[in-house]
Structure formats: structure tokens, C-alpha cells
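Before any comments, here is the structure.
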Amino acid sequence: MDIETGHIIWNVILTLIVGPFLWVIKSIMDEQKRQDILINKTREEMARDYVSKQELSEDINRILDAIEKLNDKLDRINEAAAKEFRL
């Protein structure tokens, strides 16, 4: 077996074994990158779609303040109506 035949055999081994192995590694890395992008998009969408605890607390406080104002107005209307009908 001369040197040229050895080189051909070595090239065939590299082509048939190392080539597909490298292709599989590249495919795995591409899939990992794709999934990483999807996870990042999901995180962004969740941050956009859902409210934080602080924002929820602020909104609830605003609603409770508005309800309290309505309650005060109803009390004043009720007192005014009671005074008017007593006369």
C-alpha cells in the first residue's frame, strides 16, 4: 500500500465518519439557537401581556378610590333627600 492509497483511505474515513458527525453537531447547535430565540420571544410576550404586581396594586387602589368617592356622593345625595322629605 503506497502513500497515495493511504491518503485516499484516510479521506474516505474522514468523509464518511467525521463529516456526518460534524453535520449532526451543526444541526443540534442550530436547533438550540432556534429554541433560544423562541424562549426569548415568549419571555417578551409574557412581559407584554401580563401585568406586574405593582401595576395591579396601583389599578386596584385607583378603583377603590373611585368607589369611595361614589360612596361619598351617594351618602350626600341620601342626606339631601332625607332633609328634603323631612320638611
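Which of the residues belonging to the stretch 28-53 are within 11 Å of the chain's Cα centre (by Cα) and not hydrophobic (A, V, I, L, M, F, W, C)?
Asn40, Lys41, Thr42, Arg43, Glu44, Glu45, Arg48, Asp49, Tyr50
Assess whether Leu87 counts as being modelled with pLDDT under 95 and not small (Gly, Ala, Ser).
For Leu87, the condition - modelled with pLDDT under 95 and not small (Gly, Ala, Ser) - is met.
Do we find that Val12 is outside any helix (DSSP H, G or I) and either without any contact (Cβ under 8 Å) to a residue 24 or more places away in the chain or over 36 Å from the mean Cα position of the chain (by Cα) (or both) in this structure?
no
The values are calculated or read from the model by the stated rules, or taken from the named source; none is laboratory data. Small disclaimer: the values here were computed from a predicted structure and weren't measured. Counting neighbours? That spans all protein chains shown, and the Cβs are built from the backbone with ideal geometry, glycine included.
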